[in-house]
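The values are calculated or read from the model by the stated rules, or taken from the named source; none is laboratory data. Nothing here was measured: the structure is a model prediction, and the numbers come from that model. All Cβ positions, glycine included, derive from the backbone under ideal geometry; neighbour counts span all protein chains shown.
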Amino acid sequence: MKQRTLLILAVCLLAVFISLVVVAGKSPQGNTPETTEPTYSSEPTSPSTTPTDPSTIPTEPTVGSEATEPSQTTPPTEATEPPVTSEPTEATQPQTKPTQPGGEYIGNLYTRQELEAMENVSKGYGPGIAKNGNRAPYAESNQKAYGKYGGNFIGPDNGCIYLTFDCGYEYQNLTADILDTLKEKNVKAVFFVTMQYVKENPAYVQRMIDEGHVVGNHTNKHPSMPSCSIDRMVSEVMTLHNYMIEHFNYEMTLFRPPTGAFSTRSLAVVQSLGYKNVHWSFAYKDWETANQPNPTEALKTITERHHSGAIYLLHAVSSTNAAVLGDAIDFFIAQGYKLELFQ
């Protein structure tokens, strides 16, 4: 019995010893060395600042972008030009040559690629002051530089004077007075009209045609041409062009750019559509209806700047112009000039 008790005690002691050995072989809690394997988490450690779908974030418009006028020295970006939707597309398409290996023709002279390669820096226009029969130097300089693109800034040195009138809208029926004076003096002139003028004053337009004057194209909506895309330029010219054919059976051939602003590209587009660009070698501040120049001073300005080949720009909204036109014509004739129709 004593031996059996000792055996059981020995077994128990052995079991306790083995248990202690196993426990001693383990590292204590918290003393495990840092693992070199990175710990990955399903959540980012900091919020992401870039959305996974940019299309879900609304783009804020640039403040004031719509109100900013295009620069006069930097070509406009054509992609920002809104399409013209107020007129049917059929009315904006010119007759063009078929597409050639060089690309799509815009009109009959230049391909789209050729036009896109031309400079499109807007050039504001002021012809300089001509006095005592001397031709306006800046107009002559531009004639030499841009005549090959259909630009007409001054006529030939041929002893002629050409009268032209811009008609954006009608004011106090002054066009009737101007037409009456021209008829009395047997002088023909060019009237550059906008679409607004044509639609609001069809009787005056018809009278211009019937009395032998030339009706010129002053665009559909009077934009600065260099600020327009090529397609918008075409639309501005051809919308009015086709309207005149449809409603008056009259085909326009002369074009005056709004405000006189032009670029090589805008000149070339108009030329390719079969038009001459007609600028001027004389103009003065006559367009402010509420601030008209004194008639005596205006007549002096108009007459003292006479020169051979002069293209006179006068506005048909000017009461001063209507009042002094007859006297100006008499002066030119007395100086030996011929009053001719620019064509």
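Assorted remarks:
- Residue count for segment 197-229, restricted to those that are surrounded by fewer than 21 Cβ atoms within 10 Å (Cβ to Cβ), in contact with a Lys or Arg (Cβ under 8 Å, 6 or more places away or on another chain) and either among the charged types (D, E, K, R) or assigned to a helix (DSSP H, G or I) (or both): 1
- Comparison of A117, A139 shows that the only residue that is at pLDDT 80 or above, over 17 Å from P226 (Cα atoms) and of a type in the set (A, V, I, L, M, F, W, C) is A139.
- Within segment 276-311, if we keep just the residues that are assigned to a helix (DSSP H, G or I) and of a type in the set (S, T, N, Q), the residue that is farthest from G128 (Cα to Cα) turns out to be T296.
- Of the residues making up segment 249-275, those that are part of a helix (DSSP H, G or I) and β-branched (V, I, T) are T259, T264, V269, V270.
- Residue in segment 172-187 that is farther than 25 Å from N291 by Cα and surrounded by 19 or more Cβ atoms within 10 Å (Cβ to Cβ) present: yes
- Residue check for T239: on the phi > 0 side of the Ramachandran plot and crowded, with 19+ Cβ neighbours inside 10 Å: no
- Taking the criterion of being hydrophobic (A, V, I, L, M, F, W, C) and touching a helix residue (DSSP H, G or I) at 6+ places or on another chain (Cβ under 8 Å), the residues of segment 252-279 that qualify are M252, F255, A261, F262, L267, A268, V269, V270, L273.
- Residues satisfying the stated conditions in segment 169-221, i.e. under 28 Å from the mean Cα position of the chain (by Cα) and among the hydroxyl-bearing types (S, T, Y): Y169, Y171, T194, Y197, T219
- Residue identified as more than 30 Å from E116 (Cβ to Cβ), touching a residue at least 40 places away in the same chain (Cβ under 8 Å) and touching a strand residue (DSSP E or B) at 6+ places or on another chain (Cβ under 6 Å) among V270, V214: V214
- Checking R256 against (1) among the basic types (K, R); (2) more than 30 Å from the chain's Cα centre (by Cα); (3) within 26 Å of R112 (Cα to Cα), the condition it does not meet: (2)
- Qualifying residue in segment 146-156 (condition: touching a residue at least 12 places away in the same chain (Cβ under 8 Å), surrounded by fewer than 20 Cβ atoms within 10 Å (Cβ to Cβ) and more than 20 Å from A328 (Cβ to Cβ)): yes
- Any chance E116 is under 18 Å from A268 (Cβ atoms) and either of a type outside the set (S, T, N, Q) or under 22 Å from the mean Cα position of the chain (by Cα) (or both): yes
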